[in-house]
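The values are calculated or read from the model by the stated rules, or taken from the named source; none is laboratory data. Bear in mind that the values here come from a model prediction, so they are computed numbers and not experimental data. For neighbour counting, all protein chains shown are included, and Cβ atoms are generated from backbone atoms with ideal geometry for every residue, glycine included.
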Amino acid sequence: MFPPTTGRLLGVDFGTVRIGISVCDPMRILASPLEIRTVSDKQADGKYFCELAKKEAASGFVVGLPIHCDGGESAKSREARLFAVWLRDTTGLPVRLFDERFTTSAAQQRMHEGQKKKKSSRTRQIDAVAAQVLLESFLEAARYRGETPGQSPSGAAKGDASLD
């Protein structure tokens, strides 16, 4: 079951090379980009996520689930699901998968409009901002629906249906 309705959440824009991470405040009102993790080996990554969760006093994770526009899933979706199960099992914290369609394009637009940094700097930050957009979308959906949106990582593939 996903955590209570308050407490800090970490948003995760999963990738096989880089992982963007965002965090929200304990009241789940605002989300901010936090950092970018370059993927390493499972042991080092596990230690990193356990320490990060402790440092940020996180009560759970929201992992982006890549879904096609028609609602179908792909090999990337399966990788994200496996990562979410691994993250839950490694940290002992609850994890929700949430539709990440258009988060990268929204992040690119935000960075283009809001920053005058070099393109190479924006490229490195895009994953953390995409994680922020993901977490903001999750928080907004939770407020709008009055329930926890997304999916359990151990549930069957069903687009954005709630499984808990």
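The figures follow:
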{"quantity": "Of all residues making up the stretch 50-74, the number that are in contact with a helix residue (DSSP H, G or I) (Cβ under 9 Å, 6 or more places away or on another chain) and farther than 16 Å from VAL12 by Cα", "calculated": "2"}
{"quantity": "Neighbours by Cβ (under 7 Å, 6+ apart or cross-chain): first from the stretch 13-37, free of Cβ contacts under 8 Å to residues at least 40 places away in the same chain and over 22 Å from PHE83 (Cα atoms); second charged (D, E, K, R) and surrounded by fewer than 19 Cβ atoms within 10 Å (Cβ to Cβ)", "calculated": "ASP25/ARG8; PRO26/ARG8"}
{"quantity": "Residue in the stretch 3-23 that is surrounded by the fewest Cβ atoms within 10 Å (Cβ to Cβ), counting only those that are farther than 15 Å from ARG96 by Cα and hydrophobic (A, V, I, L, M, F, W, C)", "calculated": "VAL17"}
{"quantity": "Qualifying residue in the stretch 131-141 (condition: at pLDDT 80 or above, over 13 Å from the mean Cα position of the chain (by Cα) and either assigned to a helix (DSSP H, G or I) or small (Gly, Ala, Ser) (or both))", "calculated": "yes"}
{"quantity": "Test set (1) surrounded by fewer than 17 Cβ atoms within 10 Å (Cβ to Cβ); (2) at pLDDT below 95 - LYS55 fails condition number", "calculated": "(2)"}
